[in-house]
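Some notes on the structure that comes next.
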Amino acid sequence: MYIVRKLIIVMLSVMFALNTKASTSLKDIRIVTEHLPPYQIAVNNQLEGGIVGLKIKELLSNVLPETPIEVLPWARTYQIALNTPNTIIFSLVRTPERENKFIWIGKVVNVPMKLIALKASELQPVSKLSELSDIQIGVKRLDAVTIWLASQGLQFGKELVEVSNTTTTMQLLEKGRIEVIPSTNQVIDFYCQTAGCKRSDFKTIYTFQWFSEELYLAMSLGSDEKLVEELKAEFLKLDFSDK
């Protein structure tokens, strides 16, 4: 009888320890994103909308209703998700270089990328990136397209000029402080709604043939496996038919 009681006590202790570990890990969950209109739209550092943001908010409200969504500069968002287990991040471009660095929950949108300049610019369309040597290109720090452009031989401090966010690249382009930026039609259209410009004020000088940004909801490595599965199951319930 004494041995049975002893075994029960040991089993209860183990179960308590496991439950405590699980609950502790769930307390450490973080949700990070950036202001990236029209995909995620933040007001006063609070996620308020966006064609991706609203759907992800719906998903997270079902799985983690008490966990706040942190809106941060992209470089910080990325570094937190890269280095901190139990971190949910969106929208993250899926690339071969990132493939084994994150847990991929689901694709939210596919974004064809191009390089644009002002319509009044003397720059003409090019067929090779090497033709943009010595042309200043405004890029977002730690962005997938930034990393890809660098891998193609364009240099930081020469062609590649790093800024904090996508909106700033548009503003600097309009002011003539940089000559070219990577962008999409959706980003241009949303920016022009408030800036008073129109898509025809810009021109495409290079279309990426082998690079298209697939934006994902993802999690950091080392995250709680049960939460990962719950997110994947909930993701399947949402309509991302426009992705």
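Below are the figures for this structure:
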read-out: Filter result for the condition that a residue is assigned to a loop (DSSP other than H, G, I, E, B) and within 22 Å of F190 (Cα to Cα), over I135, I51, I56, I116; value: I51
read-out: Search result, residues across the stretch 79-107 that are within 20 Å of T146 (Cα to Cα), touching a residue at least 60 places away in the same chain (Cβ under 8 Å) and outside any helix (DSSP H, G or I); value: I89, F90, S91, L92, V93, R94, F102
read-out: Failed condition for K119, given (1) under 30 Å from K232 (Cβ atoms); (2) surrounded by fewer than 19 Cβ atoms within 10 Å (Cβ to Cβ); value: (1)
read-out: Of all residues making up the stretch 191-243, the number that are modelled with pLDDT of 95 or more, more than 20 Å from L64 (Cβ to Cβ) and surrounded by 15 or more Cβ atoms within 10 Å (Cβ to Cβ); value: 8
read-out: Residue among K203, K198, K140 that alone is free of Cβ contacts under 8 Å to residues at least 40 places away in the same chain and not β-branched (V, I, T); value: K198
read-out: Residue under evaluation N110, criteria (1) modelled with pLDDT under 95; (2) over 30 Å from K237 (Cβ atoms); (3) in a strand (DSSP E or B); (4) not hydrophobic (A, V, I, L, M, F, W, C), criterion not met; value: (2)
read-out: Considering residues of the stretch 46-79 that are of a type in the set (V, I, T) and under 10 Å from T33 (Cα atoms) only, the residue nearest to the chain's Cα centre (by Cα); value: T77
read-out: Hits in the stretch 49-75 (condition: out of contact with any helix residue (DSSP H, G or I) (no Cβ under 9 Å at 6 or more places or on another chain) and without any contact (Cβ under 8 Å) to a residue 12 or more places away in the chain); value: L54, S61, P65, E66
read-out: Complete set of residues in the stretch 164-184 that are in contact (Cβ under 8 Å) with a residue 40 or more places away in the chain, part of a helix (DSSP H, G or I) and within 16 Å of L115 (Cβ to Cβ); value: T166, L173, E174
read-out: Which listed residue, of D239, D189, is assigned to a loop (DSSP other than H, G, I, E, B) and either of a type in the set (D, E) or farther than 20 Å from Y39 by Cβ (or both); value: D239
read-out: Complete set of residues in the stretch 161-190 that are over 26 Å from A42 (Cβ atoms) and surrounded by fewer than 19 Cβ atoms within 10 Å (Cβ to Cβ); value: G176
read-out: Candidate set: the stretch 30-45, residues that are surrounded by 17 or more Cβ atoms within 10 Å (Cβ to Cβ) and assigned to a loop (DSSP other than H, G, I, E, B); chosen: the one nearest to the chain's Cα centre (by Cα); value: E34
read-out: Residue match in the stretch 213-224 (condition: under 22 Å from K101 (Cα atoms) and in a helix (DSSP H, G or I)); value: no
read-out: Test: I147 is under 20 Å from T207 (Cβ atoms) and surrounded by 18 or more Cβ atoms within 10 Å (Cβ to Cβ); value: no
read-out: Matching residues, the stretch 76-99, being surrounded by fewer than 17 Cβ atoms within 10 Å (Cβ to Cβ), of a type outside the set (D, E, K, R) and at pLDDT below 95; value: T95, P96
read-out: Condition broken by V126, with the remaining ones in (1) part of a strand (DSSP E or B); (2) over 16 Å from T33 (Cβ atoms); (3) of a type outside the set (G, A, S) satisfied; value: (1)
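So that you can scan it fast, the table gives a plain yes or no per residue for (1) aliphatic (A, V, I, L, M); (2) over 22 Å from K55 (Cα atoms); (3) over 19 Å from the mean Cα position of the chain (by Cα):
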| position | (1), (2), (3) |
| --- | --- |
| L160 | yes, yes, yes |
| I181 | yes, yes, no |
| F190 | no, no, no |
| Y216 | no, no, no |
| F240 | no, no, no |
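The values are calculated or read from the model by the stated rules, or taken from the named source; none is laboratory data. Predicted, not measured: the structure shown is a model, and the values here were computed from it. Virtual Cβ from ideal backbone geometry, glycine too; neighbours counted across all protein chains shown.
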